[in-house]
Amino acid sequence: MAKSNYITRQGWSALNKELKFLWKEERPKVTQAVSDAAALGDRSENAEYIYGKRRLREIDRRVRFLTKRLEVLQIVDYNPKQEGKVFFGAWVELEDENGEVKQYRLVGCDEFDPAKNWISIDSPVARALIGKSVDDEVMVETPSGRITLYINRIWYENI
């Protein structure tokens with residue numbers, strides 16, 4: 001399945017901040033460290049030089065990725081018309097068949113974070129929830145089988 005290009009304004013800002021940090025702060029420091037290590041002489045056995053060059057490649061790879069990704073991402077802002085239904089950026093309180101209650105926020109694939117209960121809009125659960133309302137019952141196919149979820153509450157954070 002292809003990745004969606006949707007992101008919250010908060011997520012876009014975080015990626016942009018990371019790009020600026022890598023390009024304006026981290027890369028110049030590492031470049032200077034590599035220059036200093038290269039001045040010490042034999043580069044073949046110079047751990048600082050070898051590590052520094054590797055770190056520069058990692059930074060450059062991430063900078064290229066972020067630059068390309070930020071160009072195609074679409075920021076999705078809150079719209080009052082979304083109230084009462086599940087759309088991108090919504091927080092949803094779900095209850096499973098066993099009565100266990102969980103809350104999730106639907107975000108872009110570049111910003112999902114299980115520790116914050118942020119799930120990707122491309123996930124099976126999020127796909128099943130799109131367009132649904134409070135008290136709707138949702139069937140989701142998971143690797144362990146089909147589960148039924150009930151929507152208890154929907155809300156949006158206007159950040």
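Given the Cα-Cα distance of residue 144 and residue 81 and 0.36 nm per residue of separation, how much length would full extension add, in nm?
Extending this stretch completely gives an extra 19.1 nm.
Given labels modelled 7 Å from the Cα in the Cβ direction, how far is it in nm from residue 102 to residue 153?
Here the answer is 1.8 nm between the modelled labels.
What value, in deg cm²/dmol to 500, does the helix sum -39500 (n - 2.57) over DSSP H runs of n ≥ 4 give at 222 nm once divided by the residues of the chain?
Taking each H run of at least 4 residues, the total per residue is -11500 deg cm²/dmol.
Using the crude model of +1 on Lys and Arg Cβ and -1 on Asp and Glu Cβ, and no other charge, please compute the dipole size for the stretch 51-119 relative to its Cα centre, in debye to 20.
So the magnitude is around 920 debye.
When you have a sec, figure out the Kirkwood radius of the stretch 1-73 from all distinct Cα pair distances and drop it here in Å to one decimal?
13.9
Between 142, 11, 103, whose Cα lies farthest towards the positive end of the dipole of the chain when Lys and Arg beta carbons carry +1 and Asp and Glu beta carbons carry -1, centred on the Cα centre?
11
Determine the distance separating the Cα centre of the stretch 131-145 from the Cα centre of the stretch 13-58; give it in Å without decimals.
Distance between centres, Cα-based: 47 Å.
Explain nothing, just compute: Karplus ³J(HN,Hα) = 6.51 cos²θ - 1.76 cosθ + 1.60, θ = phi - 60°, for every residue of the stretch 54-60 in order, whole Hz, x for Gly and Pro.
Here the 3J(HN,Hα) series is 4, 5, 4, 4, 4, 4, 4 Hz.
Residues of the stretch 7-31 with backbone nitrogen within less than 20 Å of a virtual label 7 Å along the Cα-to-Cβ line of residue 58, please, listed as ranges.
Counting backbone N atoms under 20 Å from the label point, the list is 15-31.
Hey, what D do you get for the chain in µm²/s if you plug the Kirkwood alpha-carbon radius into Stokes-Einstein at 10 °C and 1.306 mPa s?
In µm²/s, the coefficient is 86.
Let me have the relative contact order for the chain, percent, based on Cα pairs under 8 Å that are six or more residues apart.
Once divided by the residue count of the chain, the mean separation gives 25 percent.
Could you tell me the number of lysine pairs in the chain with C-alpha atoms less than 16 Å from each other, where the two lysines are 8 or more residues apart or belong to different chains?
8
Keeping the other protein chains in place, figure out the carbon and sulfur percent of the accessible area of the chain, with a 1.4 Å probe.
Whole-percent figure for carbon plus sulfur exposure: 51.
Which whole-number percent of Cα pairs in the stretch 52-122 have a distance greater than 21 Å?
When all Cα pairs of the stretch 52-122 are counted, 48 percent exceed 21 Å.
Going toward the positive end of the dipole of the chain, with +1 on Lys and Arg Cβ and -1 on Asp and Glu Cβ, which of 37, 133, 90 do you reach last?
Farthest towards the positive end: 37.
Counting other C-beta atoms within 10 Å, and keeping those with at most 16, which DSSP coil trypsin sites (Lys or Arg not before Pro) do you find in the stretch 28-60?
43
The values are calculated or read from the model by the stated rules, or taken from the named source; none is laboratory data. Just so it is clear, the model here is predicted, and its values are computed rather than measured. Methodologically, a virtual Cβ is constructed for each residue, glycine included, from the backbone with ideal geometry; neighbour enumeration extends over all protein chains shown. These accessible areas exclude ligands, DNA and RNA; they are computed on the full protein's heavy atoms, side chains included. Shrake-Rupley method; radii C 1.70, N 1.55, O 1.52, S 1.80 Å.
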